[in-house]
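Notes to accompany the following structure.
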Amino acid sequence: LKNVVFSVGRTGIITPVAELEPVACGGVIISNSTLHNFDEIGRLGVRIGDTVVIERAGEVIPKIVKALEEKRTGEEKEILPPEHCPSCGAKVFREEGEVAFRCVNPSCPAQLSAKLLHFGSRDAMDIEGLGESAVAQLLERKLAHDFADLYSLKKEDLLGLELFKDKKAANLINAIEKSKSRGLARVVFGLGIRH
């Protein structure tokens with residue numbers, strides 16, 4: 001286990017992700033594995049620098065099963081929760097009774113990116129073409145600060161973005177327009193309101 005980085009999801013939950021020395025497992029090369037949360041890190045007793053056993057849960061998702069403590073050299077480092085959000089720098093909180101550490105900044109760029117991706121996903125508003133690179137560029141150029149901003153985009157706005165030519169820009173604008181007829185249940189799901 002070479003390092004642990006922290007991923008921020010759409011609800012602000014901070015997930016520790018293990019960066020591993022690449023290894024073949026079940027026919028694929030594994031170099032990352034979620035550690036789920038800090039309670040799971042404690043349960044497993046893993047540290048940065050540990051030799052770990054991994055498996056593919058359900059033959060798909062890489063999972064750390066245990067640390068091989070007998071291989072420790074004393075150089076291993078404890079994995080501690082971050083005090084500040086790795087995306088926006090806001091203070092991180094853990095609510096009583098919850099497992100997750102959370103960034104509570106509603107303007108956190110990582111959360112906004114994940115929220116827009118969720119909003120445009122197939123089960124929500126089904127906005128084809130609103131993928132990771134498009135969302136990243138919309139945020140970088142400050143063309144989207146929330147869901148509503150998607151509906152004010154114009155083809156000309158998109159043409160200024162990398163990878164957007166006339167047809168791709170027109171397709172995204174059309175997909176956004178089509179999403180207006182998806183129905184209230186999908187809008188509410190797309191908003192991803194906590195609880």
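The values are calculated or read from the model by the stated rules, or taken from the named source; none is laboratory data. Just so it is clear, the structure is predicted and the values come from calculations on it, not from any experiment. Cβ placement follows ideal geometry from the backbone for every residue including glycine, while neighbour counts extend to all protein chains displayed. All accessible areas refer to the heavy atoms of the entire protein, side chains included, with ligands and DNA or RNA removed. Shrake-Rupley method; radii C 1.70, N 1.55, O 1.52, S 1.80 Å.
A simple spin-label model places pseudo-atoms 7 Å from Cα toward Cβ; at CYS25 and LEU139 they are separated by 2.7 nm.
When the Gaussian network model of the chain links Cα atoms closer than 10 Å, the mean-square fluctuations of VAL17, VAL92, VAL65 top out at VAL65.
Which of the trypsin sites (Lys or Arg not before Pro) found in the range 101-195 are in a DSSP loop and have at most 11 neighbouring Cβ atoms, other than their own, within 10 Å? Present the calculation step by step, with values, prior to reporting the outcome.
Numbers: sites: ARG102, LYS115, ARG122, ARG141, LYS142, LYS154, LYS155, LYS165, LYS167, LYS168, LYS178, LYS180, ARG182, ARG186, ARG194; in loops: ARG122, ARG141, LYS142, LYS154, LYS165, LYS180, ARG182, ARG194.
In loop regions of the range 101-195 (DSSP not H, G, I, E or B), the sparsely surrounded trypsin sites (Lys or Arg not before Pro) are ARG122, LYS142, LYS154, LYS165, LYS180, ARG194.
With n ≥ 4 as the cut-off for DSSP H runs, can you work out [θ] at 222 nm for the chain, using -39500 (n - 2.57) per run divided by the number of residues, rounded to the nearest 500? Walk me through the numbers on the way to the answer.
Values: 7 runs with 58 residues, N = 195.
After summing the helix terms and dividing by residue count, I get -8000 deg cm²/dmol.
Remark: relative contact order (the range 71-121) = 24 percent; criterion is Cα-Cα distance under 8 angstrom and separation of 6 or more residues. Straight Cα distances below 17 angstrom link LYS77 to the aspartates and glutamates GLU19, GLU21, ASP39, GLU40, ASP50, GLU69, with same-chain residues fewer than 8 positions distant left out.
Alpha-carbon geometry of the range 68-175: the Rg and the Dmax are 19.2, 61 Å, given in that order. Compactness of the chain, taken as the C-alpha radius of gyration over 2.2 N^0.38 Å, stands at 1.22.
Within the range 1-77, list the trypsin sites (Lys or Arg not before Pro) lying in a DSSP loop whose Cβ has at most 15 other Cβ atoms in a 10 Å radius. Before the final figure, lay out each step's value.
Details: sites: LYS2, ARG10, ARG43, ARG47, ARG56, LYS63, LYS66, LYS71, ARG72, LYS77; in loops: LYS2, ARG10, ARG47, ARG72.
Listed in order of number, the matching sites are LYS2, ARG72.
If only the Cβ of Lys and Arg carry +1 and only the Cβ of Asp and Glu carry -1, the dipole of the range 96-159 around its Cα centre is close to 180 debye. When you restrict to C-alpha pairs under 8 Å that are six or more residues apart and normalise by the size of the chain, the relative contact order lands at 17 percent.
More than 11 angstrom separation, counting every C-alpha pair in the range 140-182; what % is that? Distances greater than 11 Å cover 64 percent of the Cα pairs.
Rounded to the nearest 10 square angstrom, ASP157 shows an accessible area of 60 square angstrom against a 1.4 Å probe. Sequence-ordered 3J(HN,Hα) estimates for the range 25-36 from the Karplus curve with 6.51, -1.76 and 1.60 and θ = phi - 60° stand at 8, x, x, 10, 8, 9, 10, 9, 8, 5, 9, 6 Hz, glycine and proline given as x. Among ASP126, ASP50, ASP166, the largest mean-square fluctuation in a Gaussian network model of the chain (Cα springs under 10 Å) belongs to ASP166. Within the range 12-69, the GluC sites (Glu not before Pro) that combine a DSSP coil assignment with at most 15 other C-beta atoms in a 10 angstrom radius are GLU59. Legend: residue pairs LYS2/LYS142; LYS2/LYS63; LYS115/LYS154; LYS91/LYS180; LYS142/LYS168, Cα-Cα distance threshold 27 Å; pairs beyond threshold, LYS2/LYS142; LYS91/LYS180. In this structure ILE173 has an accessible area near 40 Å², from a 1.4 Å probe over the protein heavy atoms.
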